[in-house]
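J.: Take this structure first; my questions come after.
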Amino acid sequence: ADNWLIKSNNIHDPGIDPPTGIIRASGIGAKGGNNNVVIINNTIHDFDTDINTAAIGLGGIGAAKLYARDSKGQVLPSVTHGIALGNTIYNYRGPALGVASCSNCAFVDNTIYNTVGAFRIGISPDIRQEDENARIIPTTSDTVIENNKFSGNNAGCKDKNSVKVGMTCYVYFIETEADAAGLISKNNSYYSDTPPLFVYRYNNQVQQLDYKKFSDLIVTDQSSKILPLNQF
């Protein structure tokens, strides 16, 4: 599934999945060893979905036997050279943009509001330990996150069952230090009237950080800004 262009769609209100009776949908997702996926100028909105499922997901867990491999038989990243550009995401119960086992992927010029988070990077170590398909795929690397606008609130999310559409729990959620390898984040604007939260699993501990501590740890994003909500 190489060289896909997904452009100018309006994706919303997925409804209930009949086999499970719940919603676990994403808006757009790519996985399995995709190369050169371009997701541009789409609108994704009004999803009461699983709290960990990104509206646009570059990479994800699938059956390992179906994954593309290199000449030595090693599993390739779930997505290589993917970009989400100029999309609008709102009223979404989950992160807007996610990379899971993605190499050289980028989120640029997207507008996001009323989502659980802006960016989720990597796969949880707990999931990797439990799922043999997750264990085999590489970590995320060399992600570029640039010129995005994210409007949110610190909703004080206590547990996933308390989170409703429109609530914001974090700006960034980085699953492991390995997933932050090569991360470049710059010139993003975060609009909030309360100090936004940044989550980073660092030294094997999930740490909830303010913006300064977060940008110091990942050694990038210093050019981004936190602005009043009414300027969004």
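The values are calculated or read from the model by the stated rules, or taken from the named source; none is laboratory data. Source: prediction; values computed, not measured. Quick reminder, even Gly has a Cβ in these numbers, built from the backbone with ideal geometry, and neighbours come from all protein chains shown. Ligands, DNA and RNA are stripped out before the accessible areas are found, and what is left, the full protein with its side chains, is counted by its heavy atoms. Shrake-Rupley method; radii C 1.70, N 1.55, O 1.52, S 1.80 Å.
J.: What percentage of the solvent-accessible surface of region 160-232, computed with a 1.4 Å probe over protein heavy atoms, is contributed by carbon and sulfur atoms?
T.: Values: 1940 of 3830 Å².
On region 160-232, the fraction of accessible area on carbon and sulfur atoms equals 50 percent.
J.: Over 17 Å, how big is the tail of the calculated P(r) for region 187-232, in percent of all Cα pairs?
T.: 35 percent
J.: For region 1-156, what is the accessible area per residue in Å² when the probe is 1.4 Å?
T.: Counting only protein heavy atoms, the per-residue value for region 1-156 is 44 Å².
J.: For the chain, set up a GNM with springs between Cα atoms under 10 Å and report which of 184, 127, 145 has the largest fluctuation.
T.: Checking each option, the largest mean-square fluctuation is seen for 127.
J.: Can you tell me the alpha carbon radius of gyration of the chain divided by the globular rule-of-thumb value 2.2 N^0.38 Å?
T.: 0.95
J.: Ordered by residue, what ³J(HN,Hα) values in Hz, to whole numbers, does region 150-157 give under the Karplus form 6.51 cos²θ - 1.76 cosθ + 1.60, where θ = phi - 60° and Gly and Pro are x?
T.: 3J(HN,Hα) across region 150-157, in whole Hz: 10, 10, x, 9, 7, 7, x, 5.
J.: Can I ask one more? Which residues' amide hydrogens lie under 5 Å from the amide hydrogen of residue 188, considering only partners 5 or more residues apart or on another chain, with H built in the peptide plane?
T.: Amide H to amide H, under 5 Å and 5 or more residues apart or across chains, residue 188 pairs with 147, 148, 224, 225.
J.: Mean separation of Cα pairs under 8 Å and 6+ residues apart, divided by the residue count of region 82-179: what relative contact order is that in percent?
T.: Numbers: 223 pairs, mean separation 33.7, N = 98.
Normalised by residue count, the contact order of region 82-179 is 34 percent.
J.: Okay, moving on. For region 37-139, take the convex hull of the Cα atoms, compute a quarter of its surface area, and give me that in nm², please.
T.: Result: a mean projected hull area of 6.6 nm².
J.: Follow-up question, since we're still on this one. What distance in nm separates the simple spin-label points at residue 12 and residue 71, each placed 7 Å from Cα in the Cβ direction?
T.: Going by the 7 Å Cα→Cβ label model, 5.0 nm.
J.: Another one. Percent relative contact order of the chain, based on C-alpha pairs within less than 8 angstrom and at least six residues apart?
T.: So the answer I get is 15 percent.
J.: Could you give the dipole magnitude of the chain about its Cα centre, charging the beta-carbon of Lys and Arg +1 and that of Asp and Glu -1, in debye to the nearest 20?
T.: It works out to roughly 80 debye.
J.: Now for a separate question. Ignoring trypsin sites (Lys or Arg not before Pro) that are buried or in helix or strand per DSSP, and keeping those with at most 16 other beta carbon atoms within 10 Å, what is the longest stretch of the chain between them?
T.: The longest uninterrupted stretch comes out as 73-157.
J.: Report the charge-dipole magnitude of region 1-74 in Debye, nearest 20, computed about the Cα centre from +1 at each Lys and Arg Cβ and -1 at each Asp and Glu Cβ.
T.: 440 debye
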